[in-house]
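Shown next, in structure tokens, is the structure this report addresses.
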Amino acid sequence: MSRRTGGAGNGAPKTAVAQEPSYNKQKDLLSSTKGHFSLLRALHMADYITELNGFCGIMSIFSSLRYCLGDPAEKANLYLALAFLPFGLFFDFMDGRVARWRKKSSMMGQELDSLADLISFGLAPACVAFSLGMRTTLDHVLLAVFVLCGLTRLARFNVTASSGDIPKDASGKASYFEGTPIPTTLGLDALMAYWVSQGWVLDQVPLGVWFQGSAFEVHPVVALFLIHGCLMCSKSLHVPKP
């Protein structure tokens, strides 16, 4: 999750003056009924970088689907699905850097950032987990809860980033995250990549299946996603910003 609104939440006049003209121009373009490609012209450079983050997440999802449709012994698409996600993190980091460098940020950029993060660090890892073999009904429910935790965490971030409730440092950025940031799901991605390298997929998923043949059939490793979702939504867990 890039910090594209760190300065805006402080209410500092200097930051507001630097950002207000670009924001008004974007707002005018978005509300314009004349001209062609007004939406594309309204996007800042940082917004296009955010779109690349979303692109990586979408391509990861497609790669997971291609694995499910192909030969289970051929794991190239699984590796590809996992490989797209660190690139998503790179673009997530860069969009904030570019926005601060160009002194251009907006509410649209903030919303784009959250939506791209949800795809790349919420939905895409859940799709990889499904492809690996977490395919029971209860697996699906718990993976859905994980994605919804990410959705809720991002919505809370958007609210608190501009509310002033979180202490700010001298530069106007919040001094800590409430709950773990959603890009920390890359830790789960790294773990799944190790499983794939060891051939622990489908029937060989670590710890096997519990309650097989019942309505509560579940892969216990899916609890890692549930725990991570709870950590993302935690109010009391404060993660210092680097």
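The values are calculated or read from the model by the stated rules, or taken from the named source; none is laboratory data. From a predicted model like this one, the values you see are computed outputs, not experimental measurements. Here the Cβ is made from the backbone with ideal geometry for all residues, glycine too, and neighbour counts use every protein chain on show. Calculation scope for accessible area: heavy atoms of the full protein, side chains included, ligands and nucleic acids excluded. Shrake-Rupley method; radii C 1.70, N 1.55, O 1.52, S 1.80 Å.
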Query raised in the report: DSSP loop chymotrypsin sites (Phe, Trp or Tyr not before Pro) in segment 77-113 with at most 12 other Cβ atoms within 10 Å of their Cβ, which ones?
Result: none
Query raised in the report: Using a ≥ b ≥ c from the Cα gyration tensor of segment 179-242 (square roots of the eigenvalues), is it rounded, prolate or oblate, where a/c under 1.5 gives rounded and otherwise the larger of a/b and b/c decides, a/b for prolate?
Result: oblate
Requested in this report: Using a 1.4 angstrom probe on the protein heavy atoms only, line up 78, 207, 142, 191 by accessible area, largest first.
Outcome: 207, 191, 142, 78
Report task. From largest accessible area down, sort 182, 227; use a 1.4 Å probe on the protein chains. Result -> 227, 182
Report task. Please give, to one decimal in nm, the separation of the simple spin-label points placed at residue 158 and residue 45, each 7 Å out from Cα toward the Cβ. Result -> 2.6 nm
Report summary line: If each part is reduced to its alpha-carbon centroid, segment 196-242 and segment 54-81 end up apart, in Å, by 20 Å
Query - Exposure of residue 45 as accessible area (Å², to 10), given a probe of 1.4 Å and all protein chains - result: 90 Å²
Query - Estimated FRET transfer efficiency (residue 223, residue 175; beta-carbon r; R0 35 Å; 0.05) - result: 0.65
Requested in this report: Give me the accessible area of residue 59, 1.4 Å probe, in Å² rounded to the nearest 10.
Outcome: 60 Å²
Query raised in the report: So, with a 1.4 angstrom probe, what is the percent of accessible area on segment 41-163 that is carbon and sulfur?
Result: 75 percent
